[in-house]
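This report refers to the structure that appears directly beneath it.
The values are calculated or read from the model by the stated rules, or taken from the named source; none is laboratory data. All figures in this text were calculated on a predicted structure; none of them were measured in a lab. In this analysis, Cβ positions are derived from the backbone assuming ideal geometry, glycine residues included, and neighbour counts consider all displayed protein chains.
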Amino acid sequence: MSSAAGIPMIQLAGVAKRFKQGQPVLDPLDLEISKGEFVTLLGPSGCGKSTLLKLIAGLTPLSSGTIRVDGMNPKNARELLSFIFQDPTLLPWRTVAQNVCLGLELERVAEKRRLKKVEELLELVGLTHVSKAYPRELSGGMKMRVSIARALATNPRLLLMDEPFAALDEMARDRFNEELLRLREEQKWTAIFVTHSVAEAVFLSTRIIILAPNPGRIHAMLPVDLPFPRTATLRTAPEFDLLAASVSRALRGAITT
Amino acid sequence: MKRWLIPAANAFAVFLALLALWQAVIWIFHVAPYMLPPPLAVGKALLARRSLLLNALTITAEEAAGGLLASVVAGTAIALFFAQSRWLRRMLFPYTLLLQTVPIIAIAPLILMWVGAGMSAVTLIAFIISLAPIIANVTQGLISVDENFVQLFLMHNASPAQVLFRLRLPHAVPSLFVGIRIASGLAVIGAITGELYAGSSRVGEGGLGYSILYASTQLQTDYLFALVAAATVLGFAFVFIVMFLEWYSLHRWHESARPLEAD
């Protein structure tokens, strides 16, 4: 398989998901993701990308197969992982700082450490100046920043992201992608990222998994051997275009089969 | 000129016009004062009996406020219970509708029989009549939380209590205020209705409802009008206080409660 020969972070064996009425959402699939990888799930609607993410997070029950996250059942591995939704899902009655603090509070981290961590993260995502603002006062991009800070506050080893930048314009999205890689460089988490965008997938990933729809299954796996750190200039490099072209080809294949 | 001054002046002009119309009707149709007292006579009665009136107003206000407060506490508690399962709601929700549909006039005598006449009986009636909108609105607020938020909480191993008190309850606060606004009007009506039956523990002294009944049997129509005015003001004051509390607790974050100066 194309998975890097590292220490496994996620192991899926014969994982399948059916709706209550019995229609299959995901055909049985095997997948291993190593620690430190940035894996992007790419595919048309209905290919089960989000479902796969929710299965790994233990948010929806499996129909068959097993999932191990760092050797554990997903529900027991929750302390290791954070989830970033497409929607920023900020609690409107909490300030920016209080929203970033949410995970720490729910996990009953002592107040002193909480405050320190929140301060650190607001600094990291550049939101210190609006720490006391309420979500409704923020732009879409700033809300997403808060959402990222909240996810990173609990020191996750695994970050699951479900189209987090889909609602942003392309320039903002590019900037967020660069920032995400910078944060990854610093914090060394493993990531699984869902997107519809080929460019985003190529820019971010160490590996791209293309899924085909009806029912969802793995169509192709493409390693992305571009060196890190990656910067904005990479997008105009010929090797980037070459990779994007082959990903697009594979994606077309996934839609027509 | 301040922006609120013009609408306030307009509203006051309408008030004066209504008083003029009232006076005109009396002059034109020669209405007897015991049928419809002139506005000035009502004003005089208001002044002459102000201490008695204020006393009645205080009693009714206390009963209505007590009933409303109790319904907020009990209604929220019941809604928290209802939020636990769809099954519970299906089983018990129809009975909260019963609270809303039972004519309070019909059960007031029963309550008086059970509790005994007095302020506690009237408070109980105000409580019963204002309970249903609180339960209905808070329950709706508690269960209408977006699924993503629940999943976010679960991702951080939140306990059911944390989901309930840190997510569902704060999310339900705007709905709670919708409920309180409806209930505040009902509580005043409930208290006055209750007093019509409950009478008074001391002769000649009681809440607005009792005084209205007393004034009507004595044909003191001017005082009766003064009492009706007082009851209206009381209902208005309740709604106004609730609206202020709502603004105060929501204006920082909720879309419905923009800063006061905004529009």
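Kindly indicate whether any position in the stretch B:44-54 is of a type in the set (Lys, Arg), part of a loop (DSSP other than H, G, I, E, B) and either at pLDDT 95 or above or surrounded by 12 or more Cβ atoms within 10 Å (Cβ to Cβ) (or both).
yes
Yes/no per residue for (1) free of Cβ contacts under 8 Å to residues at least 60 places away in the same chain; (2) within 14 Å of the chain's Cα centre (by Cα):
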| position | (1), (2) |
| --- | --- |
| A:18 | yes, no |
| A:38 | no, yes |
| A:46 | no, no |
| A:63 | yes, no |
| A:66 | yes, no |
| A:69 | no, no |
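Which one of these does residue B:102 not meet: (1) under 19 Å from residue B:183 (Cβ atoms); (2) out of contact with any helix residue (DSSP H, G or I) (no Cβ under 9 Å at 6 or more places or on another chain); (3) among the hydrophobic types (A, V, I, L, M, F, W, C)?
Going through (1) under 19 Å from residue B:183 (Cβ atoms); (2) out of contact with any helix residue (DSSP H, G or I) (no Cβ under 9 Å at 6 or more places or on another chain); (3) among the hydrophobic types (A, V, I, L, M, F, W, C) one by one, residue B:102 breaks only (2).
May I ask you to list the residues in the stretch B:143-173 that are surrounded by fewer than 21 Cβ atoms within 10 Å (Cβ to Cβ), touching a Gly at 6+ places or on another chain (Cβ under 9 Å) and either more than 29 Å from residue A:59 (Cα to Cα) or in contact (Cβ under 8 Å) with a residue 24 or more places away in the chain (or both)?
Scanning the stretch B:143-173 gives B:169, B:171, B:173.
Is it the case, given these coordinates, that residue B:112 is in a helix (DSSP H, G or I) and more than 26 Å from residue B:223 (Cα to Cα)?
Spelling it out, residue B:112 is indeed in a helix (DSSP H, G or I) and more than 26 Å from residue B:223 (Cα to Cα).
If a residue has to be more than 14 Å from residue B:79 (Cα to Cα) and at the interface with another protein chain (Cβ under 7 Å from one of its Cβ atoms) to count, how many in the stretch B:145-187 make the cut?
Result for the stretch B:145-187: 11.
Return the residues of the stretch A:66-103 that are facing another protein chain (nearest Cβ under 9 Å) and under 15 Å from residue B:167 (Cα atoms); say none if nothing qualifies.
A:89, A:91, A:92, A:93, A:94, A:95, A:102, A:103 - these are the residues of the stretch A:66-103 that are facing another protein chain (nearest Cβ under 9 Å) and under 15 Å from residue B:167 (Cα atoms).
Quick one: residue A:153 ticks every box in (1) more than 17 Å from residue A:88 (Cα to Cα); (2) touching a Cys at 6+ places or on another chain (Cβ under 8 Å) except a single one, so which number is it?
(1)
Assess whether residue A:190 counts as being touching a helix residue (DSSP H, G or I) at 6+ places or on another chain (Cβ under 8 Å), among the polar types (S, T, N, Q) and either on the phi > 0 side of the Ramachandran plot or surrounded by 22 or more Cβ atoms within 10 Å (Cβ to Cβ) (or both).
no
Conditions (1) part of a loop (DSSP other than H, G, I, E, B); (2) without any contact (Cβ under 8 Å) to a residue 24 or more places away in the chain, marked per residue:
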site	(1), (2)
A:78	no, yes
A:82	no, no
A:90	yes, no
A:102	no, no
A:108	yes, yes
A:115	no, yes
A:149	no, no
A:181	no, no
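Do we find a residue being surrounded by 14 or more Cβ atoms within 10 Å (Cβ to Cβ) and in a helix (DSSP H, G or I) anywhere in the stretch B:29-36?
No, that holds for no residue.
Return yes or no: is residue A:173 out of contact with any Pro (no Cβ under 7 Å at 6 or more places or on another chain) and not acidic (Asp, Glu)?
yes
So how many residues does the stretch A:118-156 have that are within 14 Å of chain B (Cβ to nearest Cβ), surrounded by 15 or more Cβ atoms within 10 Å (Cβ to Cβ) and among the basic types (Lys, Arg)?
2
Could you check residue B:217 against (1) more than 14 Å from chain A (Cβ to nearest Cβ); (2) buried (at least 16 other Cβ atoms within 10 Å of the Cβ) and say which number it fails?
Checking residue B:217 against (1) more than 14 Å from chain A (Cβ to nearest Cβ); (2) buried (at least 16 other Cβ atoms within 10 Å of the Cβ), the one that fails is (2).
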